[in-house]
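All remarks here apply to the structure that follows.
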């Protein structure tokens, strides 16, 4: 796995790349995470696949401009430029959390480019943003968060999103905390939260009903952050989609039960 950089609309995106001549699969993370969240999934993807995991703008090791939109619609536009620059014509797309919203917008705008779509604990429709993200839109709360956001607070958020508390290791917390170590990283996180607008996904509800991309919807049963209504409504709204409710998973399902998640993703490779 190589870590590489690419310029997208004048800003540098960092991405992990396990290069192969086979079909491509692109993994899109959500808010509070970056490309590390796929660390237990990617090794389970067959070696013949060309695997890419970018850090969205404002996240991980990508640039963090504060005068550029981090809306999911804007991220979807940058994803299109990302795959275009790398010459990836058709690929499998996997999105988690807000990354699932990015994936939905990309899918309805570019259905012929996707072999499959997999949505993990995804945002959708108008069931989000959720607390504590929505509070970040209030200036006084943003200022308070900048002053108090620390490892202890983040640890509570991460622990709540794991099904098994034993998975909350020092290594995992180091990975979550990494972008938050700097003032710019924290400002970028708050800017991301402020830019979120569920209207971006309400606008594509009709388009989702006409989507003809093989789609798998995965939900960790104990996810406290996103309602189960989202998964059921996506399943009803996307023709032919499959719904997988996994008992051993919470919001950060990639950490909880990576083998089960990877198996569902791999099943999508067999679909026409």
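The values are calculated or read from the model by the stated rules, or taken from the named source; none is laboratory data. Predicted model only: the values in this text are computed from it and were never measured. Every residue, glycine among them, receives a Cβ derived from its backbone with ideal geometry; neighbour counts consider all protein chains shown.
Which of the residues that make up the stretch 1-18 are in contact with a helix residue (DSSP H, G or I) (Cβ under 7 Å, 6 or more places away or on another chain), farther than 10 Å from residue 52 by Cα and in a strand (DSSP E or B)?
Result: 6, 8, 13.
When the stretch 205-230 is examined, which residues are found to be assigned to a helix (DSSP H, G or I), touching a residue at least 60 places away in the same chain (Cβ under 8 Å) and within 23 Å of residue 91 (Cα to Cα)?
205, 207, 208, listed by residue number.
Since residue 93 meets every condition but one in (1) part of a helix (DSSP H, G or I); (2) farther than 23 Å from residue 182 by Cα, which condition does it not meet?
(1)
In this structure, is residue 99 at pLDDT 95 or above, in contact with a strand residue (DSSP E or B) (Cβ under 8 Å, 6 or more places away or on another chain) and either closer than 18 Å to residue 4 by Cβ or in a strand (DSSP E or B) (or both)?
Considered against the rule, which asks whether it is at pLDDT 95 or above, in contact with a strand residue (DSSP E or B) (Cβ under 8 Å, 6 or more places away or on another chain) and either closer than 18 Å to residue 4 by Cβ or in a strand (DSSP E or B) (or both), residue 99 comes out as no.
Could you list, in sequence order, all residues of the stretch 161-183 that are out of contact with any helix residue (DSSP H, G or I) (no Cβ under 7 Å at 6 or more places or on another chain) and under 15 Å from residue 31 (Cα atoms)?
Across the stretch 161-183, the qualifying residues are 161, 178.
Against the conditions (1) crowded, with 24+ Cβ neighbours inside 10 Å; (2) touching a strand residue (DSSP E or B) at 6+ places or on another chain (Cβ under 8 Å); (3) touching a residue at least 40 places away in the same chain (Cβ under 8 Å), where does residue 70 fall short? Just the number, please.
(2)
Right, residue 226: modelled with pLDDT under 95 and over 18 Å from the mean Cα position of the chain (by Cα) or not?
Criteria not met by residue 226.
Looking at the stretch 257-266 only, could you name the residues that are more than 16 Å from the chain's Cα centre (by Cα) and more than 15 Å from residue 93 (Cβ to Cβ)?
Those that are more than 16 Å from the chain's Cα centre (by Cα) and more than 15 Å from residue 93 (Cβ to Cβ): 257, 259, 260, 263.
I'm trying to understand the selection: among the residues of the stretch 233-253, which are out of contact with any strand residue (DSSP E or B) (no Cβ under 7 Å at 6 or more places or on another chain) and either farther than 26 Å from residue 90 by Cβ or assigned to a helix (DSSP H, G or I) (or both)?
Scanning the stretch 233-253 gives 233, 236, 237, 247, 248, 252.
Kindly provide the set of residues from the stretch 102-151 that are at pLDDT 95 or above and surrounded by fewer than 14 Cβ atoms within 10 Å (Cβ to Cβ), ordered by number.
Passing the criteria: only 112.
Would you call residue 175 more than 27 Å from residue 65 (Cα to Cα) and either modelled with pLDDT of 90 or more or buried (at least 19 other Cβ atoms within 10 Å of the Cβ) (or both)?
So residue 175 does not fit the description; no.
Taking the condition of being in a loop (DSSP other than H, G, I, E, B) and within 21 Å of residue 259 (Cβ to Cβ), how many residues in the stretch 31-71 meet it?
9
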